[in-house]
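Student: Below is the structure I would like to discuss, written out as structure tokens.
The values are calculated or read from the model by the stated rules, or taken from the named source; none is laboratory data. Just so it is clear, the model here is predicted, and its values are computed rather than measured. Using ideal geometry, Cβ is built from the backbone for each residue, glycine included, and neighbour counts are taken over all protein chains shown.
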Amino acid sequence: MQITESTIPGLLVVEIPLHADNRGFFEENWQREKMVAAGLPDFGPVQHNISYNFTAGATRGIHAEPWDKLVSVVAGRVFAAWVDLRDGESFGTTFSIELSPGRAVFVPRGVGNSYQTLEDDTTYSYLVNAHWSPDAVYTNVNLLDETAAIAWPLPLREVSDKDKAHPRLADVVPFSPRRDVILGADGQLGRALRAVLPDALALTRADLDLADPSTYDSVPWGQVGTIYNAAAYTAVDAAETPEGRRQAWAVNVTAVAALARLAIEHRLTLVNVSSDYVFDGTVESHTTDEAVSPLGVYGQTKAAGEAVTSTVPRHYVVRTSWVIGDGGNFVSTMQRLARDGVSPSVVDDQHGRLTSASELAAGIVELVRSGAPYGIHHVTGGGPVKTWADIAREVFAEEGRDPSDVTGVSTEAYGEGKDLAPRPRHSALD
């Protein structure tokens, strides 16, 4: 089996071995394991359609549909042609090839598909990854469009009236790509993701409440490509209370399970942001394959959310640490204390790295766009590992205060008399 690229991005030609003898031939027209290994996307077909054509010259298309498909010929021959109708630089690009048993073409969503039979009694096959619906929105172009200039080998006689009425390429509204969705768009990371993904559907809690499944139907999931879940319950100390525990599990686990089901059903990529709190902090630097060992409820819910996310075929678990961005955070608090003349006591036995929300957002999007392997990834700020007291002293120095005005204290001393959740002593992610 051999797969080659065409002139249209994502349109792939598949040469399939035929096993023939005096009785005829046998063909593995769809063999997921072999085809995926050879380079075909694992596009998850759910419906198989057959188009039988009585005579040579029957012509169908050009239709771009909101699903991917693998097209092939079971019997006979066709001249097949495609026009890229997706919004982007490749809009209007064409490709044509003859199809007969032993050759198939993978057609991505939004690429116009058409063919003309070259023999009588030709049977054409579609394997598609969405169930046909009368509400599906098609993008079409005229078979005789002068810009596409498809060189049909036979006169266009057997054409439906509907196909004859399709618009010229200049009048076609390009097929819209699948949209990115940002959940938790009003948080520090959510706002940073909005800056990197300005065309994404940005949803705040008012738009979609992860704790309320009834709000999920407001999103057209069939038009979505990637879910960036930046929403989370992050009140580490409050999560140890009865009410906080329920909320943490509802948002960080139950809601993620609902997103996972949606991602599986609609073949979406799910990006779930996790935390250094999935570790107990007993080693100085945590690797992606280290077994999780959370200390408190918050860390337990994030670890459970990771496990749920891993059930999605296309998933990224992105662990990060000590995020600072647009909004209240440790650095902004230290800036305020420095300006107000306060000399704080700050923990000096918890170690980690600060992560800028804007750099984290850019890193997450680059991870997805680069086609990195699905699974667990660590995305954090760089530089040497520091304590919270080290960082506080740097902030004080930048504010013109004496760094020695920051007093380092142990976690135990800082927590005396307070109801604090346990925290990892070492949060650096490798």
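Student: Got a number for residues in the range 14-35 being assigned to a strand (DSSP E or B), without any contact (Cβ under 8 Å) to a residue 24 or more places away in the chain and not aliphatic (A, V, I, L, M)?
Tutor: 4
Student: So, one more: Might you let me know whether the range 205-217 holds any residue that is closer than 22 Å to S427 by Cβ, buried (at least 19 other Cβ atoms within 10 Å of the Cβ) and assigned by TED's automatic domain parsing to the domain that holds E359?
Tutor: no
Student: What pairs can you find where one residue is in the range 404-430 and within 22 Å of D276 (Cα to Cα), the other is part of a loop (DSSP other than H, G, I, E, B) and aromatic (F, W, Y), and their Cβ atoms are less than 7 Å apart, with a gap of 6+ or different chains?
Tutor: Between residues of the range 404-430 that are within 22 Å of D276 (Cα to Cα) and residues that are part of a loop (DSSP other than H, G, I, E, B) and aromatic (F, W, Y), the close pairs are P424/F279; S427/W322.
Student: Looking at A58, A20, A80, which is the one that is surrounded by 19 or more Cβ atoms within 10 Å (Cβ to Cβ), on the phi < 0 side of the Ramachandran plot and either in the same structural domain as T269 (by TED's automatic domain parsing) or modelled with pLDDT under 95 (or both)?
Tutor: A58
Student: Scan the range 268-279 residue by residue and report those that are touching a Gly at 6+ places or on another chain (Cβ under 8 Å) and not aromatic (F, W, Y).
Tutor: Correct list: L268, T269, N272, S274, S275, D276, V278.
Student: Sticking with this structure for a sec: Return the pairs, sorted by first residue and then second, in which the second residue is surrounded by fewer than 16 Cβ atoms within 10 Å (Cβ to Cβ) and assigned to a helix (DSSP H, G or I), the first residue lies in the range 310-338 and is among the charged types (D, E, K, R), the beta carbons are less than 8 Å apart, and the residues are 6+ apart or on different chains.
Tutor: Pairs that qualify, where the first residue is among the charged types (D, E, K, R) and the partner is surrounded by fewer than 16 Cβ atoms within 10 Å (Cβ to Cβ) and assigned to a helix (DSSP H, G or I): there are none.
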